[in-house]
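Asks: Sharing a structure, written as structure tokens. Questions coming.
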Amino acid sequence: MSDRPEKINLSDVHSRQVDTDLLNELRDLFVKAEEQKERYDFTWNGKAKAYFEAAAPTTKTLRAQPEESVNFEGSENLFITGDNLEALKLLQESYLGKIDMIYIDPPYNTGKDFVYQDNFKKTKKENDLSEGILDEEGDRLVKNEKSNGRYHSDWLTMIYPRLKLARNLLSDSGIIFVSIDENEIANLELLLTEIFGENNLAGTIVWDKRNPKGDSKGVSMQHEYIVAAAKNINIFSEFKEFKRPKKNAEIILNKSKEIFKKINDKFTLSDANEEYRKWINSKKDLSGGEKAYSKLDEKGNVYREVSMAAPDKPEKRSHRPLTHPLTGKQTSVPAKGWRYIDKTMDKLLQQDLVIFGSDEKTIPNQKYLLVENMMEKLPSLYYNGASGSGDITKIGFKQNIFDNPKPVDLIRQLIVSTTKKNEVILDFFAGSGTTADAVMQTNSEDGGNRKFIVATLDEETPENSEARKVGYSTIDQISRERIRRAAEKIGDTSGFRTLKVDSTGLKEDVFKTAGELDQVDLLQDIDNHSDNRSDYDLLYDVLVDGALEYNRPITIDTMNDEQIIKYDYLGELSGVVCYFGENLTDELTRQIAILKPLLAVFKESTFDKSAQKVNVMEQFRIISPDTKVKVI
Amino acid sequence: MIIEIPKQAVVNRIVPKDRFNFDDATKIERIRWLGKLGPTTINLPAKKIQEIEIFSVDMIDFDLSVIKEIVSKIPQEILFIINDEILIMYYQGYCISKRVENHLQIKGLSIDEVRDNFIRQLLDLKDISKPLKQQVANIKIINELEFEIDRINTQIKRSIQTNKKQALARERYTIEQNLAKLRGE
């Protein structure tokens, strides 16, 4: 072969043409590198906008919907309808650092959501319509929407501000779980890393659905993911065990007791062990961890043998040989020593938790008793062939009323392993209300008093959908009915308080310049509240304004034949006391003042003259100087 | 007298002030050893406590450090009568005092019980069935909780944000419930 270069015909202009695209790209890269703008980052078109969206204050308020609630006054659970971004903003100040666990099931971005289409999808649709991507019937003209340049960006822009706000709500030991599938798992993990910090990711659970999807061009997907991120993984692990009860532990214990009882002169301990070992090997539904407990000791305890050999750091370990109980000789010691220090080894020996071999040559093992290990760390695999449809058909719904509801058992396991009995659980993509159901079930199982706050969009059910046929015009109606029925089934009486995200309680045209005011209309402009606000709506305006929690008990009392509302009143120097009637006498004012609430609220229209208002203020100043009087 | 000491138990001797290292002995008028309650004087058996001394201390301005000094020098249990109106006893490192309206009674089947019943009378405990140690511990907890409630109340008044105030009130409410449970027992 000749190493002479191919002869270039210098007269051929085309062969010497510069590839301008490549040149420009290279130039950009070099400029970036020179200015040191090149770095590892995760960004998309619209990220800045999403950031600002999270930071923008809300102008919304919450309206009470007692008629849509169960035990509105007494319940400490919340059901919020409306855009969850607004809901999260309304929760920001009141629940800052107070939520212990969040589970969400956001849209997976498959483009196939049927009943539950969230806001972001809507705006996308509207955009598409205006840009001519959709035809008039709303059918997609562009078939492969995944090739759409905005496909991932839109989803990220939707989820980013919501996750950011959600993190603020988590307590220091709090944790969030996000359900997702193959469409956005990669982006979600990157996004959670950015928001929560790499160290705080608590792992991803794979839910094996036991049933492969048939519509894939690649491998057939049979699983979904649940990604976990803690607010602060160190504090989380300090306060939360992240353990679930072993599913079959009770069954194993019962069987072992049954076999142990049979022991007599003819049926020895080793016979019992033989029978027990056969039984446990025959049980197919036991996990590997459960099957390992394959032995019975002389006291009838079920145990497993675990090596005591140290995995590393031999310099820090105990290397002292043990004395074999039968031969009386010193036993062998593992190469890197024992797993424990001398003191712990003594303790194990004393508690009879060391298993010796037939002679001193066998290295002794440690005995793990099942009764002391009834809980197990939540593993990264979750097997469940059933979707949540089974949970909702059980309470009398048609199977296809929700698309892809999550199994109650899945969320129940997450709740059991990460919350204490009186903590608060949030789900702002509540959809079918599975989280609320799971909270109630967990409470009924362990006698807990966990509270839930769930939020969902009051989106209309599509025409000719199953939901519409049965008479539900919006998604939130079905969710509430599901929670009601689920509660009834397990006898849960905690109820829930329904609140609706709505425009602020003030009249919108109340802020007028002098020129806009007419003398004739002056009287109408005095009362700046929209007239259709109920007493509870006014109360919620005050709660939103004062950043008080929304799920505390309300009591209605009668004083001087007038109705007053007490909110979260726990004795002097606490709570809100409202009077919205028309007959505010001196005596009633005095009685309210004697309660010494933190806030006393009256309605502007209660006072005929400003002198009356001054009088009320003065009474409070004398009787209860620490009470803030609010006239709205 | 606040307490009637049986004749055999009366000692009635003046204790010289220079036996102790008082910071300022001039403010003490007189220390008198009034009586001695022991197996030899009131004919009750002694278990752990051999005898109880009764001291009267007269001083114009009450000063607890005087009592502390005497307690540190004399190993026996001492019931102090200050200016004929205040009774003081030390129990488990705590100084228990009471302004007495009526007579203090000598009750019990042993010297130990007499001491325990003195403490109970100082603390207004009517129930003598439960062990004193537990009762005193209870009172200690109740006092601490009450102190905590006062502290929270001041904090509520001092904070500005309503939601912070309410969170404190909630904390106080939990303590109040614990307190009610303790008192109910």
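No value in this document is a laboratory result; all are computed from the given coordinates. Predicted model only: the values in this text are computed from it and were never measured. So basically every Cβ, Gly included, is an ideal-geometry build from the backbone, and we count neighbours across all protein chains shown.
Asks: How long is the gain from A:S11 to A:S465 if the chain were fully straight, where each residue apart is worth 0.36 nm and the alpha carbon distance is subtracted?
Replies: Values: separation 454, 0.36 × 454 = 163.44 nm, distance 7.12 nm.
Result for the pair: 156.3 nm of gain on full extension.
Asks: Hey, another quick one. Please identify every one of the chymotrypsin sites (Phe, Trp or Tyr not before Pro) in segment B:26-78 that sits in a loop by DSSP and has no more than 16 other beta carbons within 10 Å of its own beta carbon. Working shown, then result.
Replies: Details: sites: B:W33, B:F55, B:F62; in loops: B:F62.
Sites meeting the loop and neighbour criteria: B:F62.
Asks: Which residues make up the longest stretch of chain A that has no GluC sites (Glu not before Pro) in a DSSP loop with at most 14 other Cβ atoms within 10 Å? Spell out each step's value before the answer.
Replies: On the way: sites that count: A:E6, A:E35, A:E38, A:E131, A:E136, A:E137, A:E241, A:E298, A:E463, A:E508, A:E582.
Answer from the scan: A:299-462.
Asks: Would you work out the relative contact order for chain A, in percent, from Cα pairs under 8 angstrom that are 6 or more residues apart?
Replies: Numbers: 1009 pairs, mean separation 116.9, N = 632.
Here the relative contact order equals 19 percent.
Asks: Listed here are the pairs A:K164/A:K231; A:K98/B:K181; A:K231/A:K420; which of them are more than 19 Å apart at the Cα?
Replies: The answer is A:K98/B:K181.
Asks: When we measure straight from the Cα of B:K36, which lysines land under 18 angstrom away, once same-chain ones fewer than 8 places off are left out?
Replies: Leaving aside lysines fewer than 8 places away in the same chain, those within reach of B:K36 are B:K7, B:K47, B:K48, B:K73, B:K107.
Asks: Given Cα positions, please report Rg to Rh for chain B, the hydrodynamic radius being the Kirkwood one. Before the final figure, lay out the partial values.
Replies: Working: Rg = 20.5 Å, Rh = 18.9 Å.
Reported Rg/Rh, Kirkwood definition of Rh: 1.09.
Asks: Over all alpha-carbon pairs in segment A:246-374, figure out the percentage whose distance exceeds 27 Å.
Replies: 29
Asks: Excluding B:Q92 itself, what net charge comes from residues whose Cβ is under 11 Å from its Cβ, given Lys and Arg +1 and Asp and Glu -1?
Replies: +2
Asks: Which translational diffusion coefficient, to the nearest whole µm²/s, is obtained for chain A from the Stokes-Einstein equation, given a Kirkwood hydrodynamic radius over C-alpha pairs, 4 °C and 1.567 mPa s?
Replies: 43
Asks: What do you get for Rg/Rh over segment A:533-629 if you use C-alpha atoms and the Kirkwood form of Rh?
Replies: In segment A:533-629, Rg relative to Rh is 0.93.
Asks: How crowded by other chains is B:163-175, given as the mean number of beta carbons from other chains within 10 Å of each beta carbon?
Replies: So the per-residue partner count for this stretch is 5.
Asks: When all alpha-carbon pairs of segment A:327-482 are counted, what percent fall beyond 23 Å?
Replies: It works out to 57 percent of all Cα pairs.
Asks: As an exercise, identify the GluC sites (Glu not before Pro) in segment B:50-88 lying in DSSP coil whose Cβ has no more than 14 other Cβ atoms within 10 Å.
Replies: Details: sites: B:E51, B:E53, B:E69, B:E77, B:E85; in loops: B:E51, B:E85.
Loop-located and lightly packed - B:E85.
Asks: Filter the chymotrypsin sites (Phe, Trp or Tyr not before Pro) in segment A:260-299 to those in DSSP coil with at most 14 other Cβ atoms within 10 Å of their Cβ, and list the result.
Replies: Within segment A:260-299, the qualifying chymotrypsin sites (Phe, Trp or Tyr not before Pro) (loop, at most 14 other Cβ atoms within 10 Å) are A:F267.
Asks: Assuming R0 = 41 Å, can you tell me the calculated FRET efficiency for the pair A:Y383 and B:E148, based on Cβ-Cβ distance, to the nearest 0.05? Walk me through the numbers on the way to the answer.
Replies: On the way: r = 49 Å, r/R0 = 1.20.
Computed FRET efficiency for A:Y383 and B:E148 comes out at 0.25.
Asks: Okay, next question. Out of every Cα pair in segment B:132-181, what percent are spaced more than 12 Å from each other?
Replies: Cα-Cα pairs of segment B:132-181 separated by over 12 Å account for 64 percent.
Asks: Ok, one more. Give A:K49/A:K89; A:K329/A:K367; A:K255/A:K291; A:K609/A:K630 a once-over and call out the pairs whose C-alpha atoms are over 19 Å from each other. Show your work: numbers first, answer last.
Replies: Working: A:K49/A:K89 16 Å; A:K329/A:K367 21 Å; A:K255/A:K291 13 Å; A:K609/A:K630 16 Å.
Cα-Cα > 19 Å for A:K329/A:K367; rest within.
Asks: Let me ask you something else. Can you show me the helix-derived [θ] at 222 nm for chain A, built from DSSP H runs with n ≥ 4 at -39,500 (n - 2.57) apiece and divided by the number of residues, rounded to the nearest 500.
Replies: Result for chain A: -10000 deg cm²/dmol, rounded to the nearest 500.
Asks: Turning to a different aspect of this structure: How high is the relative contact order of chain B, in percent, counting Cα pairs under 8 Å that sit 6 or more residues apart?
Replies: 16
Asks: Would you please give the FRET efficiency between A:K489 and B:K140, computed as 1/(1 + (r/R0)^6) with r the Cβ-Cβ distance and R0 = 35 Å, to the nearest 0.05?
Replies: The pair A:K489/B:K140 has a calculated efficiency of 0.15.
Asks: What FRET efficiency comes out for A:T110 versus B:R170 if R0 is 56 angstrom and r is the Cβ-Cβ distance? Round to the nearest 0.05. Spell out each step's value before the answer.
Replies: On the way: r = 43 Å, r/R0 = 0.78.
After rounding to 0.05, the efficiency reads 0.80.
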